[in-house]
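J.: Take this structure, written in structure tokens, and hold onto it; I'll ask about it next.
The values are calculated or read from the model by the stated rules, or taken from the named source; none is laboratory data. This structure is a prediction, so every number in the text was calculated from the model and none was measured. Here the Cβ is made from the backbone with ideal geometry for all residues, glycine too, and neighbour counts use every protein chain on show. Surface areas here come from the heavy atoms of the whole protein model, side chains and all, with no ligands, DNA or RNA. Shrake-Rupley method; radii C 1.70, N 1.55, O 1.52, S 1.80 Å.
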Amino acid sequence: MKLLNRFFLWALTTGIISMVSLNSLFGRQRMSHENGLVARGKIRIVDDLKIPPSHFFQPGKEFSCRLRHASVSFADDARLVVRSGSLKFEDSDHESPLDIMMNTGTEGPFADAGDFLRFMITTIRGREQHLQPYLHDKPAIAKGIQNSICYPDTFALLNYHSKTALGYRDATGKDWYIKFKLAPFDRGPDRGRPNEEELEEYWLQNPKAGESRSRNFLKDEYRSRLQEAPVKYHLQAQFHEVLHDEDRNVLNCAVAWDEETCPWLDVAEVEVDEMLPTEEGNLTWYDICNHPGSMSIPQAQSITDPASINYLRTKDIWARRARMLGYKWRGQLPPLVDDRCAGHNKVADICLLANDSEGAQEMRRAELISQRDIYVYNKYDGTPPYVRHLPKNEQFDSHKNKVLIKDLSMGILNNTAAALDKLVRRGRNLEAFDRNYKLWQEPAVSKRFGSDLEFGRQRLRGVNPILIKRCDEIPNNFPVTDELVAGLLPKGATLDSTRKQGRLFLLDHGAIGGVRPRNGYLAVPMTLFHVNPIGQLLPLAIQLKQTPGPDAPIFTPNDDYWLWTTVKTYVQSADATFHEVSSHLLRTHLVMETFAVAMHRRLHRRHPVHQLLSPHFHATMAINHSARTVMLKKGGPIDKCLSLGAEGSMEFIRQEYAAWDFSLCHLEKDLKRRGVDNESVLNNYHYRDDALLLWEAIGKYVKNIVRYWYKNDAAIKSDEELQAWIQELADPEQGRVKGLISDGEIHSRSVLQEMLTCIIFTCTAEHASVNNGQYAMFGYAPNVPGSMYRPLPSNKNLTMTEEDFVACLPNQRKCNAQMQMVHLLSQPTRWKIGDFEKPYFHGIPEIWLIVKDFRTELDEISAHIKQRNRGLEFPYPYMDPEQISESIAI
């Protein structure tokens, strides 16, 4: 009979654990206690220890620890549920000398595993329909639930009981049963006990009527409490002497021991002082099998034996392992977002924290604590800090997903048609590239890419117009002489006289030289240009390596046409690498995500700066997440197309980010630093001219917004949320933004205006300048190939043909991958700058008058650019406000 009972216990346990494990694997969550927090600290055994003597519990002994609090059954801190406190005698994810799991209430609801199984099946069938009659027939279980559920205001002031007894053998060899209790440091009674009215429908475990607190409010409160001081508890224990042939009911967790015969004795003081990030806390599990040799788990004899509850708990290690495997396969679930008021149409008033009511201020602070649990920085990897897990509300909407799918589908059809065409008509000349455009339009640059005028034009009006700089001194490692460029300068001009006139310019790609190419060959060129008397930027000389020598001659337009064209194309390929990885991905996408994450963590959604920036950060995290997981993955588009591949591109991002600072986002400073701010010399630098118009318009818009909310500099200094945002951005361990502020604070409206102008300009106009023309420039591979596939030319006397040039270019498959990538990235905007996808600054007429003026100025800039472009042979439309997205991702 004993064997049969144990078989039934094993079968029941196997069935329960199998169901729970499958749910943990695919659902990536605990069976219960899901919505919790983990803190770390220390445990110190009390000096005046009065428990039966133990080799484990020694007076004064200290342990590191982790403590987890959670709301059981529902992921909602405001519901009428059981609360838990689990203590690990080690600061580790899994292993420890002792784990103790405790819940509120002195008695548990389940006498044995059979009770638990029946309750679980009833709950699965339907809490509202089936649970009430079940509990009516099971008054003991009903009493255990009612004894344990509560409506607390804090995790820190509750009493937690282990309820299930463990075996305990003292140092003299005497056997006891032991239960634990985690008591608040004030030794106060249970808090948050529900009244009779609140218990009327206790089985539903609903929030109170009209509940407005966050689903995370207990965790938020605990974080706030930890910021003020460590949270302390008393760990206590009850002991019951093991008697021969004693009734097994002593192990029944639904029956509390009498406190007079089994008094609570102090064992240790627990102090926690640091909250773990949710992602790290989720890796922590508690295991009843973690206990010292002096403690044991009483053996269960059947499913109706009180010890069977602990038997179940010894086997749930498989559910924990399944959850870890689910994390490994699919990542952790996004943090819980409060949706208690989802769908509510009322928009809360926008205001500074200091102008809010006292109660609203506390709520804002609490909500921001919750936001910092949702928007968690990644573990620093040398790239700009980004959000570790993409929050649900930051993901692409259905429209964006449809656009992506449609473009990818069209690209596959186009490339398939082109490949079929080339099976019939093979060729090794440039004409073969014209057959790549069956469904897509061939970029106009295909008709002029080989000219020197076009090569120079793309430095000023192409897709990477931010690298060219005035050449005040020809570098020593680029020994260009007048003899080399004979006949290329105006009559009577020399390199020195041209330099002194400020008409000599340099394009230096030396930054990419520190990274080994993964695909084909990558030049690290230096290119010298001059501005001719009619204002055209023309190339004078190119050296394909940073170190001169016999294998790195200086090429000029005087060389063989196809050799010179090939050399220029190596420069274009190097420029493609610098553009895609640094100018585009790093300097707009990645650096701006840091500002967006910090905004959500430190600026409440009702803060005016949050309202100002939100439209310009729309879906930035989503598109950057896609860049990291799709574009930059091994075998992805960048890995296929660019010389550096995915691995090399990540290395280059880290290298460039180490040298990046916030001043690069300041247009006027950057133009001056590069020496390209003189309109009389570079009068065809349309990027500069259009960018300055937009810079001024954005600056005026920002200034008016800032001065509406901040009446003086004192209001800036006293803005708690704003200062916290700035401090986090500048913190070398969090935002890591160099060059932002000098002393950790922002003191004036003018400094804030300049900073916000830089951010909005980078997210809109600057991103448009390096994004919108990608297909027009890179969509025709001979103009800008992602990589070259023949060794760099090393002989000025080499004679080349068109076929030799084509042999250096990517093959059909790589060209198709490059076309598809840049066509997708060059999609027209859905929401242009000034339109605003969502109604920010809701209900403030004065702000919308400012927005109206901003839109009017943008319309005027657009009209000016269109008028100018009508007079150009090759228009520059990329900075037209009608083509500038309100954010990097739209």
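J.: Divide, for the stretch 817-890, the radius of gyration over alpha carbons by 2.2 N^0.38 Å, where N is the residue count. Display every interim value, and only then the final one.
T.: Values: Rg = 15.4 Å, N = 74, 2.2 N^0.38 = 11.3 Å.
Against the compact-globule rule of thumb, the ratio is 1.36.
J.: For the chain, find the longest principal axis of its Cα atoms and tell me its angle to the long axis of helix 720-730, 0 to 90°, nearest 10.
T.: It works out to around 60 degrees.
J.: Then there's this: My understanding is that a pair violates if its Cα-Cα distance is over 24 Å; which of LYS717/LYS852; LYS163/LYS315; LYS711/LYS852 do that in this structure?
T.: Going by Cα-Cα distance, LYS717/LYS852 fall outside the 24 Å limit.
J.: What list of ³J(HN,Hα) couplings, whole Hz, do you get for the stretch 733-740 from phi and the Karplus terms 6.51, -1.76, 1.60, once you set θ to phi - 60° and write x for glycine and proline?
T.: For the stretch 733-740, the Karplus curve yields 10, 10, x, 6, 7, 7, x, 7 Hz.
J.: Does a label point 7 Å from the Cα of ARG225, set along Cα-to-beta-carbon, have any residues of the stretch 85-99 with amide nitrogen under 12 Å, and which are they?
T.: From the stretch 85-99, the list is 85.
J.: What is the diffusion coefficient of the stretch 102-234 in µm²/s, taking the Kirkwood radius over Cα pairs and the Stokes-Einstein relation at 20 °C with a viscosity of 1.002 mPa s?
T.: Values: Rh = 17.3 Å.
The calculation lands on 124 µm²/s.
J.: Specify the angular offset, from 0 to 90 degrees and rounded to the nearest 10, of the alpha carbon long axis of helix 2-27 from the longest principal axis of the alpha carbons in the chain.
T.: 30 degrees
J.: Please report the projected area of the stretch 750-890's Cα convex hull averaged over all directions, in nm².
T.: 13.1 nm²
J.: What's the extension gain from ASP349 to ASP859 if we count 0.36 nm per residue and subtract their Cα-Cα distance?
T.: 180.6 nm
J.: Kirkwood hydrodynamic radius (Cα pairs, Å) of the stretch 12-113?
T.: This gives a value of 16.1 Å.
J.: So what J values fall out for the stretch 485-493 if you push phi through Karplus, 6.51 cos²θ - 1.76 cosθ + 1.60 with θ = phi - 60°, rounded to Hz, Gly and Pro as x?
T.: Working through the residues one at a time gives 9, 3, x, 9, 8, x, 4, x, 8 Hz.
J.: Once the Cβ-Cβ distance between GLN812 and SER750 is put in as r, and R0 is 45 Å, what FRET efficiency do you end up with, to the nearest 0.05?
T.: Values: r = 55 Å, r/R0 = 1.22.
Plugging the Cβ-Cβ distance into 1/(1 + (r/R0)^6) gives 0.25.
J.: Also, I was wondering about something else. Taking amide hydrogens as modeled 1.01 Å from N in the peptide plane, which residues meet the under 5 Å criterion relative to VAL267, leaving out close sequence neighbours?
T.: Placed amide hydrogens put LEU235, GLN236, ALA237 under 5 Å from VAL267.
J.: For the chain, with all protein chains present and a 1.4 Å probe, just round the carbon and sulfur fraction of the accessible area to a whole percent. If you can, show how the numbers build up before the last one.
T.: Values: 19780 of 37950 Å².
It is 52 percent, rounded to a whole number.
J.: For a label point 7 angstrom out from the Cα of ARG707 toward its Cβ, which stretches of the stretch 738-772 have the backbone nitrogen within less than 11 Å?
T.: Zone members listed by number: 750.
J.: Find, to one decimal place in angstroms, the Kirkwood hydrodynamic radius of the stretch 562-721, where the mean of 1/r is taken over every pair of different Cα atoms and then inverted.
T.: Every distinct Cα pair counted, the radius reaches 18.8 Å.
J.: With 5 Å bins from zero, work out the P(r) of the stretch 245-315 over every alpha carbon pair and list the percent per bin.
T.: 3, 11, 14, 17, 19, 16, 11, 7, 2, 0
J.: While we're looking at this one, here's another question. Calculate the translational D of the stretch 186-267 in whole µm² s⁻¹ from Stokes-Einstein, where the hydrodynamic radius comes from the Kirkwood formula applied to all Cα pairs, the temperature is 10 °C and the viscosity 1.306 mPa s.
T.: Diffusion coefficient, whole number: 91 µm²/s.
J.: Can you compute the FRET efficiency between LYS852 and GLU442 using 1/(1 + (r/R0)^6), with r the Cβ-Cβ distance and R0 = 45 Å? Round to the nearest 0.05.
T.: 0.65
J.: Keeping every protein chain present and rolling a 1.4 Å probe, give me the accessible area per residue for the stretch 152-225 in Å².
T.: Accessible surface, normalised per residue, equals 44 Å².
J.: A follow-up question, please. Once amide H atoms are built 1.01 Å from N in the peptide plane, which residues 5 or more positions from LEU540, or in another chain, come under 5 Å H to H?
T.: LEU528, PHE529, HIS530
J.: Taking 7 Å along the Cα-to-C-beta vector as the label spot, tell me the LYS500-ASP93 distance in nanometres, rounded to one decimal.
T.: 6.8 nm
J.: Return the lysines within reach of LYS174: Cα separation strictly under 20 angstrom, same-chain partners fewer than 8 residues apart disregarded; answer none if there are no such residues.
T.: LYS50
J.: Assuming 1.306 mPa s and 10 °C, estimate D for the stretch 462-522 with Stokes-Einstein, Rh taken as the Kirkwood radius over Cα pairs, in µm²/s.
T.: Once the numbers are plugged in, D ends up at 114 µm²/s.
J.: Let me ask you something else. Over the Cα atoms of the chain, Rg to Rh with Kirkwood Rh, two decimal places?
T.: Here the Rg-to-Rh quotient is 1.08.
J.: Rg(Cα) of the stretch 203-338 divided by 2.2 N^0.38 Å?
T.: 1.40
J.: Could you tell me the calculated FRET efficiency between GLU679 and THR629, based on Cβ-Cβ distance and R0 = 41 angstrom, to the nearest 0.05? Could the numbers behind the result be given before it?
T.: Numbers: r = 43 Å, r/R0 = 1.05.
Between GLU679 and THR629 the formula returns 0.45.
J.: Just to compare against my own numbers: the Cα pair-distance distribution for the stretch 623-711, 5 Å bins, whole % per bin, please.
T.: 3, 11, 13, 13, 11, 14, 17, 11, 5, 2, 0
J.: Let me ask something else. Which lysines have a Cα less than 29 Å from the Cα of LYS672, not counting those fewer than 8 places away in the same chain?
T.: The reachable lysines, counting only those whose Cα sits under 29 Å from LYS672, are LYS469, LYS500, LYS545, LYS568, LYS700, LYS703, LYS738, LYS832, LYS866.
J.: Which whole-Hz ³J(HN,Hα) couplings does the stretch 874-880 yield from phi under the Karplus relation 6.51 cos²θ - 1.76 cosθ + 1.60, θ = phi - 60°, glycine and proline marked x?
T.: Listing the rounded values in order: 10, x, 10, x, 5, 9, 5 Hz.
J.: For ASP175 paired with GLN361, estimate the spin-label separation in nm (one decimal), with each label point 7 Å from Cα along the Cα-to-Cβ line.
T.: Here the answer is 6.2 nm between the modelled labels.
J.: Please compute the Kirkwood hydrodynamic radius of the stretch 498-612 from all pairs of different C-alpha atoms, in Å with one decimal. Working shown, then result.
T.: Values: mean 1/r = 0.0582 Å⁻¹.
Hydrodynamic radius (Kirkwood, Cα only) of the stretch 498-612 equals 17.2 Å.
J.: Name the lysines eligible as straight-distance cross-link partners of LYS42: C-alpha to C-alpha under 18 Å, and not fewer than 8 places from it in the same chain.
T.: Leaving aside lysines fewer than 8 places away in the same chain, those within reach of LYS42 are LYS61, LYS88, LYS181, LYS232.
J.: Quick one: work out Rg over Rh on the C-alpha atoms of the stretch 713-804, Rh as Kirkwood radius.
T.: In the stretch 713-804, Rg relative to Rh is 1.32.
J.: Taking every pair of alpha-carbon atoms in the stretch 683-740, what share in percent sits in each 10 Å bin, from 0 to the bin with the longest distance?
T.: Taking all Cα pairs of the stretch 683-740, the binned fractions are 19, 27, 35, 16, 3 percent.
J.: Taking N as the number of residues in the stretch 502-563, what value does Rg over Cα atoms divided by 2.2 N^0.38 Å take?
T.: My calculation over the Cα atoms of the stretch 502-563 gives 1.27.
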